[in-house]
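Worksheet for the structure shown next.
The values are calculated or read from the model by the stated rules, or taken from the named source; none is laboratory data. Nothing here was measured: the structure is a model prediction, and the numbers come from that model. Here the Cβ positions follow ideal geometry from the backbone for every residue, glycine too, while neighbour counts run over all protein chains shown. Protein only, heavy atoms only, side chains kept; ligands, DNA and RNA dropped before computing areas. Shrake-Rupley method; radii C 1.70, N 1.55, O 1.52, S 1.80 Å.
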Amino acid sequence: MTTPLRLPGSVAEVDASPEGPAVGAFFDLDGTLVAGFTVAAVTRDRLRHREVGAGEFLHMMQLAVEYRLGRHQFENVIAGAVRSSKGRLAEDVDELGERIFQQSVVDLIYPEMRELVRAHQHRGHTVVLSSSALSMQAEPVARYLGIDHVVCNRFVVDEHGVLTGEVQRPVIWGPSKATSVQRFAAEHQIDMRSSYFYADGDEDLALMYLVGNPRPVNPGPRLTKVAERRGWPILRFSSRGSGGPLGRARNLAALGSLGPVAAGGLSLGLLTRSKRTGVNFVTRYWPEAVLALSGVKLNVTGAQNLTAQRPAVFLFNHRNNFDIFIVAALVKENWTGIAKKELETNPLVGPLGKLMDAAFIDRADTASAVAALAPIEAAARKGLSIVVAPEGTRLDTQSVGPFKKGAFRIAMATGLPVVPIVIRNSESVAGRNSTTLNPGTVDVTVLPPVSTADWTVKDLPERIGGIRSAYVRLLADWPAAGPDLTGARGAAS
């Protein structure tokens, strides 16, 4: 296996760095860990709930403009935001921050930065989220990434747990942020000369000068110039956010491609008097069009296993809304699927699923779910492959969740082999709940078909465990020639 280059700013560089808590890894929030500004998500939420009057909104815009032009101190911008929370319980504000994070921010976290955070954590470094944002914005991100230390601006809370409308002093921004981090480093015996700082803002230069490994991320104009002059490695990511006008155009084109593809499928179906021929046209060309127009490429290992034995039950690990497009682009035609009941009313997924004779199952009602799978078994016996995510839901994890038994029972009942499709990094092109794709390359490995001919109900848990273990091993040590499937006992001949 080729050793990855230890380029400055890469995970490989961190993997080769000294171990231990004396090395600090300081991460800025907005524009660095997260695409855009978390305060925008807070403002949108307040506007949506009509908590911002016209006067306050105009004042906020004025402060923002004056701050951008350098005519107003950052302290006044923060003070304006904090004042609006006066009189609220601190725990209510914390809960609000967590809700906004889950609804609007989690999918904006750069996967590349998440990998760098993990790399520093694996080396035992002291990882710190250091930001000028408020605690309600910063702490949910820190919890999600497993970061224990947060240096940020905080509300003043009275003895009753109520916000006073003031911010703790000194306000953290620019030079005071550098001072706060220096104080933290001294308290935790961190060697700044061995430490890292990842940030995007021009105001972060003061702290960049203090660390031995400055790492500008999507930097502003002034920070870019200084970085180029001093030879600091610049990290730029485009895996999150709107992608600008080109990104929006890509996503509109991808969504709009369904119209002409569906028209082609309908025409072909009518011409051949075959519903399945029309459906095959859509399943073959629409997923490919969506990925291509969105700038998403697939790096596939083991593609020969897609056609080694058909029909089959194709399994895939589920990370986001677009995993099914990736799998569909590989399986192409003569397949149907299984989806959760809630998607049956989705204006796009519902009609498409019904057209393909997919099964929508209620995971909370076992009897109903089993009954819903009966038509799928019948379709499999007639030659259709089945595509299913055995985890049953999208999981924001680098590992694999527990596998449900439904797909494997179908394979046993119909005598079909199971074909594991292992997706390594689909989160690099879309977050868990994202409705848009970003350009990038997704790595996929298709493992050999596994025969279910000699499976029994008694040994089903062991068989499922063997296949799940293959996913876990491959994801933990990617790429690999193909993990041993002995726990599943036997490949299909």
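Quick one: Debye curve from the alpha-carbon atoms of the chain only, equal weights, vacuum; give me log10 I(q)/I(0) at q = 0.05, 0.07 Å⁻¹ to two decimals.
So the normalised log intensities are -0.24, -0.46.
Could you size up the charge dipole of the chain around its Cα centre, putting +1 on the beta carbon of Lys and Arg and -1 on that of Asp and Glu, and report it in debye to the nearest 20?
Charge dipole of the chain: 1540 debye, to the nearest 20.
Considering only protein heavy atoms, what per residue accessible area in square angstrom results for the chain with a 1.4 angstrom probe? The partial results should precede the final answer.
Details: 23160 Å² over 493 residues.
With the other protein chains kept in place, the chain gives 47 Å² per residue.
Report the net charge of residues surrounding Gly383, where surrounding means a beta-carbon distance below 12 angstrom and charges are Lys +1, Arg +1, Asp -1, Glu -1.
+3
For a quick check: with amide H placed at 1.01 Å from N, whose amide H comes under 5 Å from Ala308's, ignoring anything fewer than 5 positions away on the same chain?
Amide H neighbours of Ala308, under 5 Å, 5+ apart: none.
Post the alpha-carbon centroid distance, region 248-269 to region 188-217, in whole angstrom.
When both Cα centres are located, 47 Å separates them.
Count of lysine pairs in the chain with Cα atoms under 15 Å apart, counting only pairs 8 or more residues apart in sequence or on different chains? Working shown, then result.
Working: Lys275/Lys354; Lys275/Lys382; Lys340/Lys354; Lys340/Lys404; Lys340/Lys405; Lys341/Lys354; Lys405/Lys458.
Lysine pairs meeting both conditions in the chain amount to 7.
What list of ³J(HN,Hα) couplings, whole Hz, do you get for region 251-267 from phi and the Karplus terms 6.51, -1.76, 1.60, once you set θ to phi - 60° and write x for glycine and proline?
5, 5, 5, 5, 5, x, 5, 4, x, x, 5, 5, 5, x, x, 5, 4
Relative to the longest principal axis of the chain, what angle (0 to 90°, nearest 10) does the C-alpha long axis of helix 366-381 take?
It works out to around 60 degrees.
Per the 1.4 Å probe, what fraction of the accessible area of the chain, in percent, lies on carbon and sulfur atoms?
55 percent
Can you give me the angle between helix 111-122 and the longest principal axis of the chain, using Cα atoms only, in degrees from 0 to 90, rounded to the nearest 10?
For helix 111-122, the angle is close to 70 degrees.
Calculate, axis by axis, the spread of Cα positions in region 244-286 along the three principal axes, and write the results as whole Å, longest axis first.
Sorted from largest, the Cα extents of region 244-286 read 44, 13, 8 Å.
For the chain, what is the relative contact order in percent, using Cα pairs closer than 8 Å and at least 6 residues apart in sequence?
The normalised contact order for the chain reaches 13 percent.
Would you mind computing Rg(Cα) / (2.2 N^0.38 Å) for region 231-359, counting N as its residues?
1.21
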